[in-house]
Amino acid sequence: MRRVTLLVVAAIGLVACGGTTTPTTGGAYKAAWIYVGSAADAGWTKAHDDARLYVAQQLGSDVKTTFKENVPEGPQVTQVIDGRVADGN
């Protein structure tokens, strides 16, 4: 739950600091999921990935989802988040 809260706070901070909530290229929204474990672990990470797939199914071509799994807690999380933001997520 702490990780989810961190990601939500990071997204709110991005928008508050001048980020955008609409695609700047006129294309699909890009949304990234970052997992501490494997998407196939049959636990919380699997549930989060199921939600990612549900979003993709419901929104179709209006969204492009990506994910990064097995990201350990610590400084590497910030690097991964920064990379996903730089990629337009």
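The values are calculated or read from the model by the stated rules, or taken from the named source; none is laboratory data. None of the values given here were measured: they were computed from a predicted structure. Note: ideal-geometry Cβ built from the backbone for every residue, glycine included; neighbour counts use all protein chains shown. Note: accessible area is taken over every heavy atom of the protein model, side chains too, but ligands, DNA and RNA are not part of it. Shrake-Rupley method; radii C 1.70, N 1.55, O 1.52, S 1.80 Å.
In this structure, the amide hydrogen of PHE67, modeled 1.01 Å from its nitrogen in the peptide plane, lies closer than 5 angstrom to those of TRP33, counting only residues at least 5 positions away or on a different chain.
What the phi angles of the stretch 38-45 give under the Karplus curve with 6.51, -1.76 and 1.60, with θ = phi - 60°, is a coupling list of 7, 5, 9, 7, 6, x, 4, 5 Hz, glycine and proline written as x. Here the peptides 26-35, 74-83 are ranked by packing, the mean other Cβ count within 10 Å, and the order with the highest first is 26-35, 74-83.
For ASP87 and ALA47, what is the calculated FRET efficiency with R₀ set at 30 Å and r taken between the beta-carbons, to the nearest 0.05? Given R0 = 30 Å and the Cβ-Cβ separation, E is 0.80. State the percentage of accessible surface on the stretch 44-84 attributable to carbon and sulfur atoms; use a 1.4 Å probe and exclude ligands, DNA and RNA. Roughly 54 percent of what the probe reaches on the stretch 44-84 is carbon or sulfur. Proximity of backbone amide H atoms, modeled 1.01 Å from N, is registered between GLY37 and ASN70, VAL71 at under 5 Å, excluding neighbours fewer than 5 places apart on the same chain. Under a 5 Å amide H cut-off, with hydrogens placed 1.01 Å from N, TYR29 pairs with VAL63, LYS64 among residues at least 5 apart or on other chains. Scalar couplings 3J(HN,Hα) for the stretch 82-88, obtained by applying the Karplus form with A = 6.51, B = -1.76, C = 1.60 to θ = phi - 60°, are 4, x, 5, 5, 4, 7, x Hz; x denotes Gly and Pro. For TYR54 and VAL80, the difference between the fully extended length at 0.36 nm per residue and the C-alpha to C-alpha distance is 7.1 nm.
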